[in-house]
Amino acid sequence: MGIEKIREAVLSDAKREAKNIIDLAKKNSDALLERKKHEIEAEFERIYKNKIQEISDEFTIKLVQFKGITNKKILEKRNNLIDRIIKRAKEKVLNLPQDRYMDLMARLLEKTALNTAGVIQVHKEEKDIFERLIERLNRDRAENIRLVIDDKNFLPQRGGFIFITKDYEINQTLDLILSDLKKEMLPVIAKELFKDSMEK
């Protein structure tokens, strides 16, 4: 075999070997590239999902905060509205003509005292009204269940009375009656104000 043939054989083997090395390298490179591509896609998907979750969480937090602020403002307005209504109701009762005010207090006192003797505490300015009222009520009451005015202890504000017996006392002042009414009104008004958000 001549040198030329040997040279061609070596060159042919070298080319074949080089081709095998290149093919193997290309195959390994393609596999590595594919693996890296999948890793990058998976990482991107993870980051994307995390970011979407972060945005969703942040949106939920902001929405809850906004609803809280809005509800607080609505509650403040509701409370102010109820306070104004209660104040007007008190003024209206206190400004009733005297005979109508006496009738109102007479019904309240009869309902409170029933057939029990007791002392009535009133505001000093309303003492005359209640004395006439009690005199009228005592006409139909037995001696042992008479009502009397407390001449020493007066209420700080006009409107209503406190009925005191030896065993208990009942506060029928206008302030307490209206305060109880306010407590009854709050859940009803809150239900009306927030019924849309409760239905969701």
For region 76-98, state whether one or more residues are farther than 30 Å from ILE129 by Cβ and polar (S, T, N, Q). yes
Would it be correct to say that THR116 is among the polar types (S, T, N, Q) and not in a helix (DSSP H, G or I)? yes
Does ALA89 satisfy the condition of being modelled with pLDDT under 75 and part of a helix (DSSP H, G or I)? no
Taking into account only those residues within region 124-133 that are touching a residue at least 24 places away in the same chain (Cβ under 8 Å) and out of contact with any Phe, Trp or Tyr (no Cβ under 6 Å at 6 or more places or on another chain), which is nearest to GLY159 (Cα to Cα)? GLU126
Only one residue in LYS124, LYS191, LYS111 is of a type outside the set (Asp, Glu), closer than 19 Å to LYS90 by Cβ, loosely packed, with under 15 Cβ neighbours inside 10 Å and not assigned by TED's automatic domain parsing to the domain that holds ARG84. Which one? LYS124
Got a sec? Which of GLU125, GLU169, GLU184, GLU143 is closer than 30 Å to LYS67 by Cα and acidic (Asp, Glu)? GLU184
Residues to consider are ASN153, ASN138, ASN144; find the one that is exposed (fewer than 13 other Cβ atoms within 10 Å of the Cβ) and more than 18 Å from THR173 (Cα to Cα). ASN144
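If we keep just the residues of region 78-93 that are surrounded by 14 or more Cβ atoms within 10 Å (Cβ to Cβ) and more than 27 Å from the chain's Cα centre (by Cα), which is farthest from PRO187 (Cα to Cα)? Write out each step before concluding.
Step one: of region 78-93, the residues surrounded by 14 or more Cβ atoms within 10 Å (Cβ to Cβ) are 78, 82, 85-86, 89-90, 93.
Add one more test, that the residue is more than 27 Å from the chain's Cα centre (by Cα), and what stays is 90, 93.
Working: LYS90: 21, VAL93: 24 Å.
Ranking the candidates gives VAL93 first.
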Taking VAL64 as meeting all but one of (1) surrounded by fewer than 16 Cβ atoms within 10 Å (Cβ to Cβ); (2) in contact with a Phe, Trp or Tyr (Cβ under 9 Å, 6 or more places away or on another chain), write down the number of the exception. (2)
Kindly indicate whether any position in region 54-63 is among the acidic types (Asp, Glu) and under 18 Å from ASN171 (Cα atoms). no
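The values are calculated or read from the model by the stated rules, or taken from the named source; none is laboratory data. Note that the coordinates shown come from a computational prediction; the quantities given were computed from them, not determined experimentally. For neighbour counting, all protein chains shown are included, and Cβ atoms are generated from backbone atoms with ideal geometry for every residue, glycine included.
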